[in-house]
Amino acid sequence: MQTFYIIFSSLILLSVIIPYFKNSHWTIRVFDYPRLQKFTLLTLACILFIFIEKNNFTIMLFASLLVSAIYLLWVIIPYTVIGKKMIDEVKLRPDEKPLDIMVYNVLQYNEEYQKLVDLLKKRNPDIVFLLETNKKWMESIKEATDEYKYKIEVPLENTYGLLFYSKLPVKHQEINYLISDKIPSIVADIEYNKQTIRMYGLHPTPPVPQENEESTERDAEILLIGKKAKEYQKASIVFGDLNDVAWSRTTRLFLKTSKMLDPRRGRGMFSTFHANYWFLRWPLDHFFLSSQFRLVEMIREPHIGSDHYPISIKVVLRSDDISGEFELNQEEKIEVEEKIEEGVKKGNAN
């Protein structure tokens, strides 16, 4: 028992420390994801301390576990209902109609097409952004997407296809390959409530061996979009499967760079991946909103076949409120520029 406790505790402590190495290799970055899981294991290890022999080493080990658990709790609390909200939640006025958006990574090899069709018909969102979509997916869900007048369709067979559908007028649209010539992202200016909202949709590669051994390109794309959103200086939304968790350093740098707000904060994790394994689940699919928005509702939709849950949001435009924005210091500005430069250099889009 004593030996098991020491090995078990040491491995958990190591998993807490590893993410703080500024290394983009997947063997490091993969430890960014399971914060709640690590907190649970730390709590278990603290309880096990009751049953082992006490000596100077095990007491020191227990103290390290306790400090780590408190630290992870501090990291997790912003994504619970007791955390501070970045975006206020409001009730709709009688004359208001919310902007209703749904994001779903369909899992290209998933063939549960009808389940998505049924959900779209039931929910009837204004805007739908679908990821990992190929031509088979595009054709198989036409029964639902034919209801959408405005379309940006980039079906691909490499699991990075994008389908964007809008019932609201699209005044301008772009298909960009910011980092890789195989990984598209989109920009769409939509007309809502007599105003133009810019939407940035993306799906960068994850740092996993079968996709990309490093997070360099993912980080660069996320931060590059953040810079573009900040430069736009008007109402905008960044959304999609970012293949990064809400609490990572890259996401925090993105929030500071873009001046955007995370509706998860103060409400819950709304974990979207992995839909099939409750014990390995974290938030990968995101909506980030500029300070002109207020939240009406955020929902994790039912499991409909993919390894991701669909996620939906309803928002309205109100007066600008910058009180929730994070500030980027000079050291972080340099880090952001270096990450973007490194990712662009590694990519082949330019």
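The values are calculated or read from the model by the stated rules, or taken from the named source; none is laboratory data. Since the model is a prediction, treat every value here as computed from it, not as a measurement. Virtual Cβ from ideal backbone geometry, glycine too; neighbours counted across all protein chains shown. SASA here: full protein model, heavy atoms, side chains in, ligands and nucleic acids out. Shrake-Rupley method; radii C 1.70, N 1.55, O 1.52, S 1.80 Å.
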Against the definition (open to solvent by 10 Å² or more (accessible area, probe 1.4 Å) and out of contact with any strand residue (DSSP E or B) (no Cβ under 9 Å at 6 or more places or on another chain)), how does residue 142 come out, yes or no?
yes
Give just the number: which of (1) open to solvent by 50 Å² or more (accessible area, probe 1.4 Å); (2) under 28 Å from residue 217 (Cβ atoms); (3) touching a Leu at 6+ places or on another chain (Cβ under 7 Å) does residue 191 not satisfy?
(2)
Quick check: anything in the stretch 297-308 within 19 Å of residue 80 (Cβ to Cβ) and open to solvent by less than 30 Å² (accessible area, probe 1.4 Å)?
yes
Residues located in the stretch 232-246, provided they are more than 8 Å from the chain's Cα centre (by Cα) and crowded, with 23+ Cβ neighbours inside 10 Å
236, 237, 238
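Enumerate the helices (runs of 4 or more DSSP H) found wholly within the stretch 1-117, keeping only those where 1 or more residues are in contact (Cβ under 8 Å) with a residue 60 or more places away in the chain and buried (at least 19 other Cβ atoms within 10 Å of the Cβ).
Details: elements: 2-17, 26-29, 35-48, 56-76.
Those helices (runs of 4 or more DSSP H) span 26-29, 35-48.
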Output the residues belonging to the stretch 289-315 that are in contact with a Phe, Trp or Tyr (Cβ under 7 Å, 6 or more places away or on another chain) and part of a strand (DSSP E or B).
298, 300, 308, 311, 313, 315
Of the residues in the stretch 128-169, those that are within 24 Å of the chain's Cα centre (by Cα) and assigned to a helix (DSSP H, G or I) come to 137, 138
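Does residue 161 fit the bill of being within 25 Å of residue 143 (Cα to Cα) and open to solvent by less than 10 Å² (accessible area, probe 1.4 Å)?
In short, yes.
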Within the stretch 170-188, how many residues turn out to be open to solvent by less than 40 Å² (accessible area, probe 1.4 Å) and outside any strand (DSSP E or B)?
5
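Every residue in the stretch 97-140 that is among the polar types (S, T, N, Q) and in contact with a helix residue (DSSP H, G or I) (Cβ under 6 Å, 6 or more places away or on another chain), please.
Let us first name the residues in the stretch 97-140 that are among the polar types (S, T, N, Q), namely 105, 108, 110, 114, 124, 133-134, 140.
Residue satisfying the conditions is 140 alone.
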